[in-house]
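Worksheet: one structure, shown below.
FYI, it's all coordinate maths here, none of it is from the lab. Just so it is clear, the structure is predicted and the values come from calculations on it, not from any experiment. Cβ placement follows ideal geometry from the backbone for every residue including glycine, while neighbour counts extend to all protein chains displayed.
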Amino acid sequence: MAVLPQLIASAIILGGIYALVSIGLTLVFGVMRIVNFAHGEFLMLAMYLAVGLFATTGIDPYLGLLIAVPASLAFGSVVYFGVIRPVVARPHVVQIFTTLGLSIVLQNAALFLWTGNFRQLRLPYAEKVLSFAGAAVTVPQIVAFTVAAGFTVALFVWLRFTYLGKAMRATAQDRGAATLMGIDTGKVLLAAFLVGTLCVTVAGMLMAPLFATYPTVGLQFVLIAFVVVVLGGLGSAIGALLGGMIVAFIDVGGGYYVGTAWKEALYFVVFIAVLLVRPAGLFGQRGAEHLGA
């Protein structure tokens with residue numbers, strides 16, 4: 001089996017999942033101007049949901065999406081009204097410590113409920129390998145990429161062509177002007193947070209068969225998501241998609257050619273180099289932290 005096609009296939013699959021995680025994060029920031037440090041813990045909870053459904057009822061995690069989607073909307077609503085909404089208009093330092101505190105609470109709750117043991121979701125067809133263009137990919141990898149890509153495309157279409165999607169983009173650009181145009185920005189902020197939570201929940205359900213699940217697994221992926229979001233440009237969904245692919249190719253290629261211990265250093269080097277040339281990221285606008293995506 002040729003190495004290069006395998007590396008490319010693995011990077012594309014991983015990049016699709018990274019992008020889905022990161023789009024949820026950048027959408028919340030772009031519309032709400034809040035950096036959600038608990039984003040990784042939402043991912044962790046989704047992975048535990050997938051593992052728990054399969055262990056207790058035998059429900060496949062991909063079918064479990066039918067349960068995870070409404071559950072994520074309910075959970076996102078509780079978090080929004082209980083934690084996020086009270087700090088939307090507060091200084092950034094308050095928002096940071098609030099979401100960071102939520103992250104710590106969720107981590108310790110998971111540690112208390114499920115202990116620190118690693119849990120691996122092993123599907124009956126997980127070992128089935130398909131060959132494509134010289135690369136070998138497993139069925140869970142194919143399903144994860146297909147669902148992530150389809151969900152991402154649907155999200156882009158929804159943002160561009162629906163009224164709520166247009167209202168969300170208008171609010172991201174200028175919340176005051178959007179209010180003057182008759183847009184209910186309160187509902188838009190809620191919708192943005194719920195969609196961001198939905199994105200990371202779907203990503204977590206897709207990742208559960210591919211990665212081990214444990215209470216701090218979110219830290220690993222939220223760090224990558226922050227790199228992706230800032231690399232692509234804060235608030236830019238297109239930038240998050242491209243940034244996810246860039247980080248995935250560096251992750252996979254660096255892990256193979258340089259070593260797994262150095263792959264994080266490699267994408268941070270690229271991250272710093274890009275920001276030196278384009279401080280706002282690849283697709284970010286100068287002053288995006290004030291003007292929106």
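With the charge dipole of segment 3-215 set up from +1 on Lys and Arg Cβ and -1 on Asp and Glu Cβ about the Cα centre, the Cα lying farthest toward the positive end among the listed residues LEU7, GLN141, PRO91 is that of PRO91.
Its Cα centre serving as origin, segment 3-215 has a Cβ charge dipole (Lys and Arg +1, Asp and Glu -1) of approximately 360 debye. Ranking of GLU127, GLU264 by neighbouring Cβ atoms within 10 Å, starting from the fewest: GLU127, GLU264.
Between the alpha-carbon centres of segment 115-149 and segment 181-196 there is a gap of 35 Å. Taking the alpha-carbon centroid of each part, what is the distance from segment 219-280 to segment 12-87 in angstrom? Using only Cα atoms, the two centres lie 21 Å from each other. Among the trypsin sites (Lys or Arg not before Pro) found in segment 33-136, those both in a DSSP coil and sparsely packed, with 14 or fewer other Cβ atoms within 10 Å of their Cβ, are ARG122, LYS128. Summed over qualifying helices (DSSP H, 4 residues or more, each -39500 (n - 2.57)) and divided by its residue number, the chain shows a 222 nm mean residue ellipticity of -23500 deg cm²/dmol. Compactness of segment 1-144 was expressed as the Cα radius of gyration divided by 2.2 N^0.38 Å, which yields 1.25. Between the residues ILE67, LEU234, GLY101, the greatest Cα displacement towards the positive end of the dipole of the chain, with unit charges on the Cβ of Lys, Arg, Asp and Glu, is found for LEU234. For the listed peptides 221-228, 163-170, 151-158, a ranking on the average number of other beta carbons within 10 Å per residue, highest first, reads 221-228, 163-170, 151-158. Computed packing ranks the peptides 18-25, 175-182 as 18-25, 175-182, most packed first, by mean other Cβ atoms within 10 Å.
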